[in-house]
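Engineer: Can you keep this structure in mind? I'll have questions shortly.
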Amino acid sequence: MAVNSNSTLLKRLIQQSFIDGEKVSRLINEKGRQYRTLPELLINEKLISAQDLAETAASINQHLMLDLDHFNIASIPDELRNEKLTRKSDMLPLSKRGRTMYLAVVDPTNIAAIEDFEFNAGLNAEVVVVQYDKLHKLLDKLFENAYDSIGSNEGDWDLSAMGVVEDKADEADSVQTEKEDQPIITFINKILLDAIRKGASDLHFEPYEKQYRIRFRIDGILNEVASPPVALSTRLSARLKVMSRLDIAEKRVPQDGRIKLKISAKKSIDFRVSTLPTLWGEKIVMRILDSDSAMLGIDVLGYEPEQKQRYLDALAQPQGMILVTGPTGSGKTVSLYTGIAILNTEETNISTAEDPVEINLPGINQVQVNPRAGLTFASALKAFLRQDPDVVMVGEIRDLETAEIAIKAAQTGHLVLSTLHTNSAPETLTRLLNMGVPAYNVASSVSLIIAQRLARRLCPKCKKQEDIPHAELLRQGFREEQLASITIFKPVGCDHCTNGYKGRVGIYEVMPISQRMADIIMENGNSLDIATQAQREGIYNLRQSGLIKAAAGVTSLAEVNRVTKG
């Protein structure tokens, strides 16, 4: 929302001599793009007090004023809480009665923003004027915003001691810069802490022509959490690049880096950082590398009992190939690391080739591939086979050469784990055939395929039973005999979750390669033939596994449809 130089509120303030018209016009021209609303500019540039601004705003159309110091925050209905719209406009719905909501505003002449709230809520707005400073104090409590919230479970986190683990040689050069950019450093640190506290997997810093947006990916869904002034774009990206040890002067090509962030004396968090030149500046995406997620254990990943046993049986074999498949962000890495952790004993030699190495695992020989230097998945695999391996993990099979070497290893007494990007377990076999791998090699080497997706878990504190007609449940894929015993739940939303969801759970298709499936491969059968055989053998496909999770109240039917494209 741009600062409006033709605002009725601005004209009234000038008429009543609260502010100098020429000075304010100059500020709007110079700094207007840094602020989203006129009250924000006036208050932050110290042109008027919050009290005088509120009294003038209320006098325009004789609106009532409300002192938010005595307002009970718990009385705000959950369905009216919209952080993005609220922070964009300096307005907050306080309560509703019938078809009317009572809307706290700083600038009652901002009709467009009031209409946005009415449209979003489907209600008519009754305006009450509040002070700018008291409104934002209330917002910080209500939304635990990214600037001030550190969280109650991280008592040992010390924001003043937080910093990047740096080399001594860098310290002297950075002292003057840090003094000049301390507000930027503090802002970035708080954003990173809030991302960790909220369980985000990725952070997106995105510059646009008239806006700068920061988003967190929480439970697989992107949510906007902050929109700092666009004028700070280059300073924000420069700070992130300094933390990542990237070339600040190079803004024309993508760069990749890493941050080890010390948040207390006992705790550090790793981030993988990627920069991308865009039309309006550098977009920076940070992946939080959480070693705890790789050590969750197979029991909490969401496998059905028979699926878990199939995975464990395949891991217990001395040789063969286990393939995990799914789109980016479907949890393949966690599944692979979980299997590797089970195999990681003193008697086993395990080597991995990864791009990149996301999480350091003690006792595992991890190799970061570097194609520019000639270290590819294929060359790393060749080297592994001369290193007396028992278990080999390849981050991804991308080409025929890597596939052939991995299959050779699986056929010569080694257990091989890897990933492919396919939509289902049966399609993985035909993908290998399409790469050029001979059918007899595929049939004799692949022992298990796991296809997976990640679905958001329903919040146990607020989920609500959903009434769905039996005809619709049958259309969705449930069987007639299930209808009497299943209960479907839907998301609601509360203070403990994000839009009714909290955390994620895996949905899996775990398909061992039976003798009949091997025969189908040798007979040049396609993925549909293999899928039909899998159903005959009682193997749940992704859709069926998702419906099991919905019937158990773990996730919603809408979420199953989203991740399985049902």
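The values are calculated or read from the model by the stated rules, or taken from the named source; none is laboratory data. What you see is a predicted model; the values in this text were computed from it and never measured. Cβ coordinates were reconstructed from backbone atoms using ideal geometry, including for glycine residues, and neighbour counts include every protein chain displayed. Accessible surface is based on the protein model in full, side chains and every heavy atom, while ligands, DNA and RNA are left aside. Shrake-Rupley method; radii C 1.70, N 1.55, O 1.52, S 1.80 Å.
Engineer: With a 1.4 Å probe and all protein chains in place, put H70, H204 in order of accessible area, largest first.
Structural biologist: H70, H204
Engineer: Can you classify region 407-474 as rounded, prolate or oblate using the Cα gyration tensor, where a ≥ b ≥ c are the square roots of its eigenvalues, rounded means a/c under 1.5, and otherwise it's prolate if a/b beats b/c and oblate if not?
Structural biologist: It is prolate, given that a/c is not under 1.5 and a/b is the larger ratio.
Engineer: About the Cα centre of the chain, what is the dipole size in debye to 20, counting +1 per Lys and Arg Cβ and -1 per Asp and Glu Cβ, all else neutral?
Structural biologist: 740 debye
Engineer: Along the charge dipole of the chain, pointing to its positive end and built from +1/-1 on Cβ of Lys, Arg, Asp and Glu, which listed residue (N360, M517, L458) has its Cα farthest out?
Structural biologist: Going by the charge dipole, the pick is L458.
Engineer: Sticking with this one: Please work out whether region 272-343 counts as rounded, prolate or oblate from its C-alpha gyration tensor, where a ≥ b ≥ c are the square roots of the eigenvalues and a/c under 1.5 means rounded, while otherwise a/b larger than b/c means prolate and anything else oblate?
Structural biologist: Prolate is the answer for region 272-343, as a/c is 1.5 or above and a/b outweighs b/c.
Engineer: Could you give each residue of region 470-485 its phi-based ³J(HN,Hα) in whole Hz, using Karplus coefficients 6.51, -1.76, 1.60 with θ = phi - 60°, and x for Gly or Pro?
Structural biologist: Computed from phi, the couplings for region 470-485 are 4, 4, 6, 4, 5, 5, 6, x, 6, 8, 3, 6, 7, 4, 6, 10 Hz.
Engineer: Please identify the trypsin sites (Lys or Arg not before Pro) of region 461-507 that satisfy two criteria: DSSP loop assignment and at most 15 other Cβ atoms within 10 Å. Which are they?
Structural biologist: For trypsin sites (Lys or Arg not before Pro) across region 461-507 that sit outside H, G, I, E and B with at most 15 neighbouring Cβ atoms in 10 Å, the list reads K461, R479.
Engineer: What FRET efficiency comes out for the pair Q482/Q15, r = Cβ-Cβ distance, R0 = 60 Å, nearest 0.05?
Structural biologist: The formula returns an efficiency of 0.25 here.
Engineer: HN-Hα J couplings of region 184-189 from phi, Karplus 6.51/-1.76/1.60, θ = phi - 60°, integer Hz, Gly and Pro as x?
Structural biologist: Result, rounded to whole Hz: 5, 4, 5, 4, 4, 4.
Engineer: Hey, what do the phi angles of region 362-373 turn into as Karplus ³J(HN,Hα) couplings, whole Hz, using 6.51/-1.76/1.60 and θ = phi - 60°, x for Gly and Pro?
Structural biologist: In residue order, the calculated couplings are x, x, 10, 8, 9, 10, 8, 5, 9, x, 4, 8 Hz.
Engineer: Simple spin-label model, 7 Å along Cα-to-Cβ: Q182 to A316 in nm?
Structural biologist: 6.2 nm
Engineer: If you don't mind, another one. Taking Rh as the Kirkwood radius, which is the inverse of the mean 1/r over Cα pairs, what is the Rg/Rh value for the chain?
Structural biologist: 1.04
Engineer: At a threshold of 8 angstrom on Cα-Cα distance, excluding pairs fewer than six apart, so keeping six or more, what relative contact order does the chain reach in percent?
Structural biologist: Result for the chain is 9 percent.
Engineer: So who's got an amide H within less than 5 Å of the one on V367, skipping anything under 5 residues away but keeping other chains? H placed 1.01 Å off N, in plane.
Structural biologist: Here the answer is T352, A353, E354, since their amide H atoms fall under 5 Å of that of V367.
Engineer: Can you give the FRET efficiency for Q368 and I248, using 1/(1 + (r/R0)^6), R0 = 22 Å, r = Cβ-Cβ distance, to the nearest 0.05?
Structural biologist: Working from the Cβ atoms, E equals 0.40.
Engineer: Considering only DSSP states other than H, G, I, E and B, which GluC sites (Glu not before Pro) in region 300-362 qualify as loop sites with at most 15 other Cβ atoms within 10 Å?
Structural biologist: The qualifying sites are E346, E347.
Engineer: Roughly how tilted is helix 168-180, in degrees to the nearest 10 and between 0 and 90, from the longest Cα axis of the chain?
Structural biologist: It works out to around 30 degrees.
Engineer: Give me the 1.4 Å probe accessible area per residue for the chain, excluding ligands and nucleic acids, in Å².
Structural biologist: 49 Å²
Engineer: Taking H placed 1.01 Å from N in the peptide plane, check which residues at least 5 places from V127 or on another chain put their amide H under 5 Å from its amide H.
Structural biologist: L103
Engineer: What is the gain in length, in nm to one decimal, between S514 and A74 on full extension, counting 0.36 nm per residue of separation less the C-alpha to C-alpha distance?
Structural biologist: Using 0.36 nm per residue and subtracting the Cα-Cα distance, I get 152.6 nm.
Engineer: Moving on to the next point. What shape does region 396-519 take by its C-alpha gyration tensor, where a ≥ b ≥ c are the square roots of the eigenvalues and a/c under 1.5 counts as rounded, a/b above b/c as prolate, and the rest as oblate?
Structural biologist: prolate
Engineer: State which entries of K332/K549; K84/K262; K134/K463; K46/K141; K141/K463; K463/K549 exceed 22 angstrom in Cα-Cα distance in the structure shown.
Structural biologist: K84/K262; K134/K463; K46/K141; K141/K463
Engineer: Round to a whole number: what % of the accessible area of the chain belongs to carbon and sulfur, probe 1.4 Å?
Structural biologist: 48 percent
Engineer: Related question: Would you pull out the residues with amide H under 5 Å of R258's amide H, same chain only if 5 or more places away, H placed 1.01 Å from N?
Structural biologist: Answer set, sorted by chain and number: V273.
Engineer: Sticking with this structure for a sec: In whole angstrom, how far apart do the alpha carbon centroids of region 16-69 and region 361-387 sit?
Structural biologist: 61 Å
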